[in-house]
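Trainee: This is the structure I want to talk about, given as structure tokens.
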Amino acid sequence: MKLNTSIRKKFRVSNKVKRSAPKDRLRLSISRSSKNISAQIIDDSKNLTLLSASSVEKDIKSGTKVNKSELSKIVAEKLAKKAQEKKITKIFFDRGTYKYHGRIKIFAETLRKNGMEF
């Protein structure tokens, strides 16, 4: 089966992160669309999603209208708060097919400000 360019790029980035990651760290995977952003903290050794946060959730969606950059900050703060409750601080950042620019960069910097290490 021939894979298109974006799927090959996603596999390339994700596999590089998985190979170089020590076993004590979890993987943070990000996905974004034209309007929303979501993230998951994944334990690859158990193939289990531990935490997730998304801009589609009711408590985030019910707020006032904000632009997409602010939405990234809100989702990152929520994910960092959930991770602190479960005592998760060390992760690896899997950006997927997205460049480390714009909303993805804002998301990562907000996580760092809230105590996550990657």
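Please treat every number below as a calculation from the coordinates, not as lab data. What you see is a predicted model; the values in this text were computed from it and never measured. Ideal geometry is used to build each Cβ from the backbone, glycine not excepted, and the neighbour counts take in all protein chains shown.
Trainee: log₁₀ I(q)/I(0) of the chain at q = 0.17, 0.20 Å⁻¹, via Debye over equal Cα point scatterers, no solvent, to two decimals?
Mentor: Log-scaled intensity ratios, in q order: -0.85, -1.14.
Trainee: Using the per-residue mean of other Cβ atoms lying within 10 Å as a proxy for protection, in what order, highest first, do the peptides 41-51, 23-33, 79-89 fall? List each step's numbers first, then the result.
Mentor: Numbers: 41-51: 13.7, 23-33: 17.0, 79-89: 15.4.
So the order, starting with the most tightly packed, is 23-33, 79-89, 41-51.
Trainee: Given only helices, namely DSSP H runs of n ≥ 4 each adding -39500 (n - 2.57), what is the per-residue ellipticity at 222 nm of the chain, to the nearest 500 deg cm²/dmol? Walk me through the numbers on the way to the answer.
Mentor: On the way: 4 runs with 49 residues, N = 118.
Only helices count here, giving -13000 deg cm²/dmol.
Trainee: Can you list residues whose amide H is under 5 Å from LEU51's amide H, if they're 5+ apart or on another chain and H is modeled 1.01 Å from N?
Mentor: Sorted by chain and number, the residues that satisfy this are ILE41.
Trainee: In the structure displayed, which of LYS65/LYS113; LYS16/LYS99; LYS16/LYS87 lie more than 19 Å apart, Cα to Cα?
Mentor: Values: LYS65/LYS113 24 Å; LYS16/LYS99 15 Å; LYS16/LYS87 25 Å.
Flagged as over cut-off: LYS65/LYS113; LYS16/LYS87.
Trainee: How many percent of DSSP beta bridges within the chain run antiparallel, rounded to 5?
Mentor: On the way: 12 of 17 bridges.
Just about 70 percent of them are antiparallel.
Trainee: Going down the table (LYS2/LYS82; LYS58/LYS105; LYS9/LYS68), which pairs top 30 Å between alpha carbons? Working shown, then result.
Mentor: Numbers: LYS2/LYS82 39 Å; LYS58/LYS105 24 Å; LYS9/LYS68 24 Å.
In this structure, LYS2/LYS82 exceed 30 Å between Cα atoms.
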